[in-house]
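*Asks:* Below is the structure I would like to discuss, written out as structure tokens.
The values are calculated or read from the model by the stated rules, or taken from the named source; none is laboratory data. Values in this document were obtained by computation on a predicted structure and should not be read as measured data. Reconstructed Cβ throughout: ideal geometry from the backbone, glycine too, with neighbour counts over all protein chains shown. Quick note on the areas: whole protein, heavy atoms, side chains included, nothing else; ligands and nucleic acids left out. Shrake-Rupley method; radii C 1.70, N 1.55, O 1.52, S 1.80 Å.
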Amino acid sequence: MDTILFLAHTEPDGTLAKPALEALGVAVDLKQSLATTLIVGLYGAQTQPAANFLANCGAEKFLAVQGEPFSSARYASDAAACEALARAAAATIILAAETSRKARIAAGVAHRLGGVVDTHVTAITAESSGLQATRWFYRQRIEGRLTRTARPWLLLLDPGNHAAWAGEPGAATAEVLEVPVPESLNRTTVNGFVTPPADQQTIRPDADLLFVAGAGWTKKQKDGQPHVAEAEAIIVDFLSNAKASLGSSKSLVDLSGENQSALRFLTHLNQVGQTGASPRHPKGLATCCHGEEPHTVGWRFIGERRAINLDAGCGWARGKADVLYVADAFEVMTKVNALLDRK
Ligand SMILES: Cc1cc2nc3c(=O)[nH]c(=O)nc-3n(C[C@H](O)[C@H](O)[C@H](O)COP(=O)(O)OP(=O)(O)OC[C@H]3O[C@@H](n4cnc5c(N)ncnc54)[C@H](O)[C@@H]3O)c2cc1C
């Protein structure tokens, strides 16, 4: 019978982030359908707040690796902690959230355990034929289902696919494992993080709205001139007001590489489409973007779709959007910003 280990790193205050709670939701469901043992394994500077929060999740046991050496994302210490937790749990199925911190160590830990690993998993279910993991291939065009007999099987679960576990907190006592601090730790010291301020953080996976900027924002407008600086101001104003996530068409992000006037805050990471991302948001608004198939294919997980384009015959009008506003996006978004400012 399989033993499930839910593995998570804690945040600096000892709590768990949403992706970890989503992975726990999967682990709890799986425990119920397999009627098997669930063990919680936590590591970080402190783990007690997380253990207490999960006290009533149905886990038979709590294991922890804690202390300052395990506070930062660093291969040597993270891998040592996860290996120790997996061995102590004698786990055969190890579930964790696909965070960048976890993704860095997952393959190495699976190798140390003599096991196997799958990443970007969207679901894992118990079928009569065995456990089945689901994931997307080829930029979310093909959904694959796979099963493995090798154990331990480490699965990283992509965030946003399962409801976060929620339950009454309580008091849990974790068995604390003594993990020797790896010698290689001395080679890597974490001096801190350098991150852009929140208002420059344009990709926001949790946002309710995806705002897509197309190349039209940089094109000549009705006065025969481009208005790139004005476009930047309008878009930044809207993003900070609406807390929307910023997507882009390929043409627009490619412009900067061609030394043409472009919006400075866009990178290829913002690109939505066939050769870009397929983000998940309840709503989307495309502006100055033509709505060609290679772009709109990236909208497959967007709930309600709207677009603003001067051209009534653009791609959005051909079944790609629920609502198309045939209008000047400069004028519409300036008006929208004024309304949001007033709020
Ligand atoms: C193999 C392949 C892969 C590709 N992958 C991707 C991909 O992943 N993502 C992607 O986006 N594209 C991709 N493309 C490119 C795609 O086909 C289009 O060329 C691209 O999406 C066009 O970008 P755009 O709509 O921003 O620009 P344009 O086609 O130049 O459209 C600009 C639009 O802005 C409108 N406009 C201008 N001014 C205003 C205004 N004031 N108000 C309102 N509207 C205005 C115009 O009417 C026009 O419709 C791919 C192409 C190929 C061949």
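*Asks:* Based on DSSP H assignment, which helices of the chain show an axial Cα extent of at least 20 Å together with a mean Kyte-Doolittle hydropathy greater than or equal to 0.5?
*Replies:* Answer set is 228-242.
*Asks:* When the convex hull of the Cα atoms of segment 204-343 is projected onto a plane and the area is averaged over all directions, what value comes out in nm²?
*Replies:* Average projection, Cα convex hull of segment 204-343: 7.8 nm².
*Asks:* How long, wide and thick is segment 151-216, going by the Cα atoms along their three principal axes, in whole angstroms, largest first?
*Replies:* Principal extents (Cα only, largest first): 58, 39, 31 Å.
*Asks:* Over the Cα atoms of segment 1-151, what radius of gyration and what Dmax do you get, in Å?
*Replies:* 14.8, 44
*Asks:* Which one, Ser72, Val194, Leu156, projects farthest toward the positive side of the charge dipole computed for the chain from Cβ point charges (K/R +1, D/E -1)?
*Replies:* Leu156
*Asks:* Of the accessible area of segment 238-343, with the probe set at 1.4 angstrom, what percent is carbon plus sulfur?
*Replies:* 52
*Asks:* Hey, what do the phi angles of segment 145-155 turn into as Karplus ³J(HN,Hα) couplings, whole Hz, using 6.51/-1.76/1.60 and θ = phi - 60°, x for Gly and Pro?
*Replies:* Result, ordered by residue: 10, 9, 9, 9, 9, 5, 9, x, 10, 9, 10 Hz.
*Asks:* A further question follows. In debye to the nearest 20, how big a dipole does the chain give about its Cα centre with +1 on each Lys and Arg Cβ and -1 on each Asp and Glu Cβ? List each step's numbers first, then the result.
*Replies:* Numbers: 33 positive and 35 negative charges, 124 e Å.
Once rounded to the nearest 20, the dipole reads 600 debye.
*Asks:* Right, something else. Relative contact order (percent) for the chain, with alpha-carbon contacts under 8 angstrom and 6 or more residues of separation?
*Replies:* Relative contact order of the chain: 14 percent.
*Asks:* By the gyration tensor of its Cα atoms, with a ≥ b ≥ c the square roots of the eigenvalues, what is the shape of segment 274-343: rounded for a/c under 1.5, prolate for a/b over b/c, or oblate?
*Replies:* In terms of gyration-tensor shape, oblate.
*Asks:* Continuing with this model, one more query. Using a Förster distance of 35 angstrom, determine the FRET efficiency expected from the C-beta separation of Lys335 and Asp254, and round it to 0.05.
*Replies:* For R0 = 35 Å, the calculated efficiency reads 0.75.
*Asks:* Can you list the aspartates and glutamates whose alpha carbon sits under 13 Å from that of Lys335, skipping same-chain ones fewer than 8 residues off?
*Replies:* Within reach: Asp237.
*Asks:* Also, I was wondering about something else. Based on DSSP H runs of at least 4 residues, each adding -39500 (n - 2.57), what is the mean residue ellipticity at 222 nm of the chain after dividing by all its residues, to the nearest 500 deg cm²/dmol? Write out the running numbers ahead of the final one.
*Replies:* Numbers: 8 runs with 92 residues, N = 343.
Helices in the chain give a 222 nm mean residue ellipticity of -8000 deg cm²/dmol.
*Asks:* Could you state the orientation-averaged shadow area of the convex hull built on the Cα atoms of the chain, in nm² to one decimal? Show your work: numbers first, answer last.
*Replies:* On the way: hull surface 81.9 nm².
Dividing the Cα hull surface by four gives the mean projection, 20.5 nm².
*Asks:* Subtract the Cα-Cα distance of Glu143 and Leu269 from 0.36 nm times their separation in residues, and report this length gain in nm to one decimal.
*Replies:* Net length gain for the segment: 43.1 nm.
*Asks:* Hey, any idea what % of segment 1-73's accessible area is carbon plus sulfur with a 1.4 Å probe? Please list the in-between numbers first.
*Replies:* Numbers: 1340 of 2560 Å².
The C+S portion of the solvent-accessible surface of segment 1-73 is 52 percent.
*Asks:* Using Cα springs under 10 Å in a Gaussian network model of the chain, which residue among Ser245, Ser33, Ser72 shows the largest mean-square fluctuation?
*Replies:* Maximum fluctuation in the GNM of the chain, among the listed residues, is at Ser33.
*Asks:* Only Cα pairs under 8 Å and at least 6 apart count here; give the relative contact order of segment 50-172 as a rounded whole percent.
*Replies:* Relative contact order comes out at 35 percent.
*Asks:* On to the next question. About the Cα centre, and with charges only on the beta carbon of Lys, Arg (+1) and Asp, Glu (-1), how big is the dipole of segment 71-113? Nearest 20 debye, please.
*Replies:* Details: 6 positive and 3 negative charges, 17 e Å.
For this selection, approximately 80 debye.
*Asks:* Hey, if you put +1 on the Cβ of every Lys and Arg and -1 on every Asp and Glu Cβ in segment 119-272, which of Val236, Ser184, Ala126 ends up farthest toward the positive end of that dipole?
*Replies:* After comparing all options, I get Ala126.
*Asks:* Filter the cross-link list Lys283/Lys343; Lys18/Lys343; Lys320/Lys343; Lys222/Lys283; Lys220/Lys243 down to pairs whose alpha-carbon distance in this structure exceeds 24 Å.
*Replies:* Checking Cα-Cα distances, Lys18/Lys343; Lys320/Lys343; Lys222/Lys283; Lys220/Lys243 exceed 24 Å.
*Asks:* Can you work out the accessible area per residue across the chain, with the rest of the protein chains kept in place, probe 1.4 Å, in square angstrom?
*Replies:* 49
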